[in-house]
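The values are calculated or read from the model by the stated rules, or taken from the named source; none is laboratory data. Since we're looking at a predicted model, the values are computed, not measured. When we count neighbours, we look across all protein chains shown, and the Cβ atoms used for this are built from the backbone with ideal geometry, even at glycine. Surface areas here come from the heavy atoms of the whole protein model, side chains and all, with no ligands, DNA or RNA. Shrake-Rupley method; radii C 1.70, N 1.55, O 1.52, S 1.80 Å.
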Amino acid sequence: MGVGDPYGMHAAHAIVSGMGGIRTAGDLVARLQLNRAMKIDTAKKYVADKLRVSVADIADEVKMREVREDMDLGTLNECPGVAKGIDAKFRIAKLLDLEINCVNIFKQKVSFGF
Amino acid sequence: MGKIHTRIGSGIRIEMTEAEVKRDLEAGTEDAAGRAKIPPLTEDELHYLFEIHERPDRVVGVERGKEVCLTYDSCTTKIKRAHVSISKIQSLQIFERALGADTLELAHIDYSYKPVKPIVVFEQPIMEQALLMTIPPLFYGAMPNLGLYSQPDGPCPNPMDLLPQGKIAEGRASFEEAIEYAVKDMLYVGSEMYETGADGINFDTTGAAGDAEFLAALKAVEILKKKYPEMGIEMGMASEFILGLHGELEYDGVRLAGLYPHDQVRLAQKAGVTIFGPAINIVTNKSLPFNLARSLTYTKACSETSEIPVHANLGMGVGGVPIVISPPVDALTRASKAHVEICRLDGL
């Protein structure tokens, strides 16, 4: 993206073109782009298959809220007991069959005899 | 025929006739095609672009199903610059929970690798805590900014003083010395933040100081990727054209001076970049139809060449967005939609 005030730049791009982050599956698709250099269509298909939904569903806020709640992947409006932050990323790494750097570091830190 | 409301690159509102808009669209694409020796936009694409400009709507958006991922050049800086008095972690949470961000980026307000080096130990605990609390991929980002290695800000004789005096060899030697310093700083900060847990490292505004800076970033990426094969690396550029301030530098046998985005991305992916961001500068006294057609032509050629995801830079003053700190949403939304759809981008 680039320089600009948050309303005119970041909110505007997000509404015009963005996937929606954790409102949908934008964060999951972005992980495939970043870690596996997947192009957008391939990354969307990969995520949709793992979530067992259609490609159209993964940018739909209503559908993805249900999916994220059911699979406990972290949601926007958090409720007691649901995965948050690092624990959501543990579940995302397993779901996407993906190495997430901070998850691996967390595992190393707590792997002293448990 | 009705008038079409648009702007010039500086952001000033103007009215144009339909014929004037069509003329500028054609002039913009021909300008880029001629400079970079790439194909111009097709008739259909120019017609679609005209329709986007013709619409009276204040805001436009991509068709359903064509949504893309967003990456940022420093989420935390944007909130601080807006004088919102919150911490960096809270800034990231605003992007994650209020602005629909697909990714996040932690950064120092002095957004270059050199000034981050002495304070990296203060950035690491913020990164650690942010990683515990947030869900999207979290980058650490900064600019290579080779200019900081020249006197009076840095250790190397200033090439911009040497070159006008005809001291070409001395100027080139200074650039080469600066590359070594910059690579060390980028490796240090990149390694520290990755070992802290960052999902990726962003090299933003790469090439602002010309071919030497582009080479420094490519070298840093290559070494980091060998050291950490799983590391995600984004490289955003400073301009559509690599300035040949040194003039003779090469990477992988390719001369860097004068490269346009479709050639820049080849070297970036060769070095190990996983997301590439072309940046097409605005021409401030030309209309947005001219600028948008020009930017789309460069960016489309880059996207078609690339084997890695392309996230075009569409910030203030690049990608057909006027060079004002509060971008007008009529202009920004048209630039956003047109780039994603016509260039088949992977992100912004």
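Okay, here's what the table says:
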read-out	value
Considering residues of the stretch A:11-55 that are β-branched (Val, Ile, Thr) and more than 25 Å from A:ARG91 (Cα to Cα) only, the residue farthest from the other protein chains (Cβ to nearest Cβ)	A:ILE15
Tally, over the stretch B:280-316, of residues that are assigned to a loop (DSSP other than H, G, I, E, B) and either over 13 Å from B:MET237 (Cα atoms) or more than 14 Å from chain A (Cβ to nearest Cβ) (or both)	10
Search result, residues across the stretch B:234-245 that are open to solvent by less than 10 Å² (accessible area, probe 1.4 Å) and more than 14 Å from chain A (Cβ to nearest Cβ)	B:ILE242
From A:GLY8, A:GLY4, residue being in a loop (DSSP other than H, G, I, E, B), facing chain B (nearest Cβ under 7 Å) and free of Cβ contacts under 8 Å to residues at least 12 places away in the same chain	A:GLY4
Some residue of the stretch B:36-45 being on the phi < 0 side of the Ramachandran plot, assigned to a loop (DSSP other than H, G, I, E, B) and free of Cβ contacts under 8 Å to residues at least 24 places away in the same chain	yes
Restricting the stretch B:80-92 to residues that are open to solvent by 10 Å² or more (accessible area, probe 1.4 Å) and at the interface with another protein chain (Cβ under 10 Å from one of its Cβ atoms), the residue that is nearest to A:ILE86 (Cα to Cα)	B:VAL84
Residue in the stretch B:201-233 that is nearest to the chain's Cα centre (by Cα), counting only those that are away from every other protein chain (no Cβ under 14 Å) and outside any helix (DSSP H, G or I)	B:GLY207
Residues of the stretch B:300-321 that turn out to be among the hydroxyl-bearing types (Ser, Thr, Tyr) and touching a helix residue (DSSP H, G or I) at 6+ places or on another chain (Cβ under 6 Å), as a count	2
Positions within the stretch A:56-114 being exposed (fewer than 13 other Cβ atoms within 10 Å of the Cβ), more than 12 Å from chain B (Cβ to nearest Cβ) and either in contact with a Leu (Cβ under 9 Å, 6 or more places away or on another chain) or within 22 Å of A:LEU32 (Cβ to Cβ) (or both), in sequence order	A:ASP70, A:LYS94, A:ASP97
Boolean, B:ARG266 is under 22 Å from B:PRO40 (Cα atoms), open to solvent by less than 20 Å² (accessible area, probe 1.4 Å) and among the charged types (D, E, K, R)	no
Within the stretch B:6-24, considering residues that are aliphatic (A, V, I, L, M) and more than 23 Å from the chain's Cα centre (by Cα), the one surrounded by the most Cβ atoms within 10 Å (Cβ to Cβ)	B:VAL21
Entirely in the stretch B:106-171, the helices (runs of 4 or more DSSP H) that have 2 or more residues that are open to solvent by 80 Å² or more (accessible area, probe 1.4 Å) and under 23 Å from B:SER85 (Cβ atoms)	B:120-133
Failed criterion for B:GLY319 (all others in (1) within 14 Å of the chain's Cα centre (by Cα); (2) open to solvent by 20 Å² or more (accessible area, probe 1.4 Å); (3) not polar (S, T, N, Q) hold)	(2)
Residue within the stretch B:246-260 that is within 14 Å of chain A (Cβ to nearest Cβ), under 23 Å from B:ILE38 (Cβ atoms) and part of a strand (DSSP E or B) present	no
Filtered residue count, the stretch B:277-296, keeping only those that are more than 16 Å from the chain's Cα centre (by Cα) and either on the phi > 0 side of the Ramachandran plot or of a type in the set (S, T, N, Q) (or both)	4
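The rows are residues; the columns are (1) of a type in the set (Asp, Glu); (2) over 26 Å from B:GLY190 (Cβ atoms); (3) in a loop (DSSP other than H, G, I, E, B).
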{"site": "A:ALA30", "(1), (2), (3)": "no, no, no"}
{"site": "A:LYS50", "(1), (2), (3)": "no, yes, no"}
{"site": "A:VAL53", "(1), (2), (3)": "no, yes, yes"}
{"site": "A:LYS63", "(1), (2), (3)": "no, yes, no"}
{"site": "A:LEU76", "(1), (2), (3)": "no, yes, yes"}
{"site": "A:VAL82", "(1), (2), (3)": "no, yes, yes"}
{"site": "A:ALA88", "(1), (2), (3)": "no, no, no"}
{"site": "A:LEU95", "(1), (2), (3)": "no, yes, no"}
{"site": "A:LYS107", "(1), (2), (3)": "no, no, no"}
